[in-house]
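Each remark here refers to the structure printed beneath this line.
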Amino acid sequence: MTPLDARAPDAMGAVRSFVPESRDRAGPAAVAAYGRDGVICLRGAMGEDWLSVIEDAIDLFQAEEAEGDDHNVVVRGEGDDGAFQYSSMMWKHNPLFRKVIFESHAPDLFGGVLETRRLNLFYDFLLIKHPGCRGASTPWHQDLSYYALHGAKIVNCWIALDDIPVDTALRFVRGSHRSGEVFRSVHFDPGRSYDGPMEERRPPPDFDGEADIVTCAMDRGDALVWNARTFHSAPGNHLARRRAALSLNFAGDDVTYFDMPGESDPPDRGEGLVEGGPITCETFPLLRSR
Ligand SMILES: O=C(O)CCC(=O)C(=O)O
């Protein structure tokens with residue numbers, strides 16, 4: 001696999017960025033760019049009012065919930081002082097993450113990009129690259145590789161909780177969502193692998209110097225919004241401070257349940273779901289319908 005840092009960030013293109021038309025609407029230019037590129041950045045998507053609720057949610061999670069939660073994964077790179085920690089499905093036990101999902105404008109703003117009549121919550125995902133986790137790079141992957149879902153209207157809305165300079169920012173292969181192919185899952189922890197990975201899927205390709213890679217620096221409150229088929233990766237954290245994000249993952253009206261063999265991520269499979277059927281259930285609640 002091509003080393004993540006093979007190309008300097010200033011030799012990459014820029015993720016197209018938009019200031020949302022209003023709190024609840026990204027606007028038609030942003031929606032069109034999402035369809036074309038498979039990734040956009042919405043500047044100032046979440047204001048301090050909701051960012052402070054998210055910070056309180058994280059404090060509660062770290063103090064009382066993370067330990068013993070089997071969704072909470074801690075990866076420590078060889079020789080690294082700090083860890084890469086990530087966790088999902090926190091809304092099920094954390095009232096403050098629940099408040100963000102059910103009471104903020106996030107489902108309207110992000111769901112609007114999907115152009116969907118119905119919007120389900122798929123899962124919440126907290127990613128903290130603690131100071132000193134320089135080696136904890138995130139490998140090239142497509143989110144859909146991990147999901148027990150079929151469909152195209154699946155979006156990852158990754159809200160920066162810190163200012164993120166370009167050398168520790170996410171990178172995307174622009175337009176890679178359009179090929180339709182879903183590749184094999186790769187674990188974020190190089191020392192681990194998923195049980196029963198789908199061998200019929202190809203491993204992620206090497207992205208050589210020809211790939212159209214885009215990136216962007218972010219301010220706290222900006223959000224990257226990308227299609228679950230868009231390839232992306234990220235370097236470790238070279239900063240002397242936290243580099244954190246809350247990602248909210250939503251599913252639109254073409255999404256159905258995939259009775260995926262082997263281990264999925266998130267591991268939760270909902271209640272009473274059947275292959276090819278709707279996903280609405282207690283675990284993947286319907287947030288909007290019109
Ligand atoms: O934060 C990162 O380094 C990677 C995020 C990512 O790849 C994801 O949320 O799918």
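Within the stretch 37-68, if we keep just the residues that are in a loop (DSSP other than H, G, I, E, B) and either touching a residue at least 24 places away in the same chain (Cβ under 8 Å) or among the polar types (S, T, N, Q) (or both), the residue that is nearest to the ligand (Cβ to nearest atom) turns out to be Gly38.
Of the residues in the stretch 175-182, not one is near the ligand (Cβ under 10 Å from one of its atoms) and either closer than 24 Å to Ala45 by Cβ or in a strand (DSSP E or B) (or both). Please find, within the stretch 227-249, the residue that is farthest from the ligand (Cβ to nearest atom) out of those that are of a type outside the set (S, T, N, Q) and within 22 Å of Ser179 (Cα to Cα). Only one residue fits best here, namely Arg229.
Can you spot a residue in the stretch 71-94 that is among the aromatic types (Phe, Trp, Tyr) and closer than 20 Å to Arg288 by Cα?
Our first condition is that a residue be among the aromatic types (Phe, Trp, Tyr); within the stretch 71-94, this holds for 84, 86, 91.
With closer than 20 Å to Arg288 by Cα added as a condition, the list becomes 91.
Yes, some residue in the stretch 71-94 is among the aromatic types (Phe, Trp, Tyr) and closer than 20 Å to Arg288 by Cα.
Criterion applied to Pro190, Pro197 was being in contact with a Lys or Arg (Cβ under 9 Å, 6 or more places away or on another chain), away from the ligand (no atom under 13 Å from the Cβ), more than 19 Å from Asn249 (Cβ to Cβ) and not hydroxyl-bearing (Ser, Thr, Tyr), and the one residue passing it is Pro197.
Inclusion of Val214 among residues that are among the β-branched types (Val, Ile, Thr), assigned to a loop (DSSP other than H, G, I, E, B) and over 18 Å from Leu114 (Cβ atoms) is not warranted.
Glu271 - would you say it is within 18 Å of Leu119 (Cα to Cα), of a type outside the set (A, V, I, L, M, F, W, C) and in a loop (DSSP other than H, G, I, E, B)? So Glu271 passes the test. Among (1) assigned to a loop (DSSP other than H, G, I, E, B); (2) crowded, with 20+ Cβ neighbours inside 10 Å, which single condition is Asp189 missing? Condition (2) is where Asp189 drops out.
With a cut-off of at least 1 residues that are more than 11 Å from the ligand (Cβ to nearest atom), name the strands (runs of 3 or more DSSP E) lying wholly within the stretch 96-172. Talk me through it step by step, then tell me what you get.
Working: elements: 118-129, 138-141, 154-160.
Because the criterion is at least 1 residues that are more than 11 Å from the ligand (Cβ to nearest atom), the strands (runs of 3 or more DSSP E) in the stretch 96-172 that meet it are 118-129, 154-160.
Need the failing condition index for Asp80 against (1) more than 16 Å from the ligand (Cβ to nearest atom); (2) surrounded by 17 or more Cβ atoms within 10 Å (Cβ to Cβ); (3) not in a strand (DSSP E or B), just the number. Among (1) more than 16 Å from the ligand (Cβ to nearest atom); (2) surrounded by 17 or more Cβ atoms within 10 Å (Cβ to Cβ); (3) not in a strand (DSSP E or B), Asp80 violates only (1). Determine whether the stretch 163-181 contains at least one residue that is more than 30 Å from Gly13 (Cβ to Cβ) and more than 14 Å from the chain's Cα centre (by Cα). Scanning the stretch 163-181, I find no residue that is more than 30 Å from Gly13 (Cβ to Cβ) and more than 14 Å from the chain's Cα centre (by Cα), so the answer is no.
Bear in mind these aren't lab numbers, they're just calculated from the coordinates by the rules spelled out. Note that this is a predicted model, so its numbers are computed, not measured. Glycine gets a Cβ as well: all are built from the backbone with ideal geometry, and neighbour counts include every protein chain shown.
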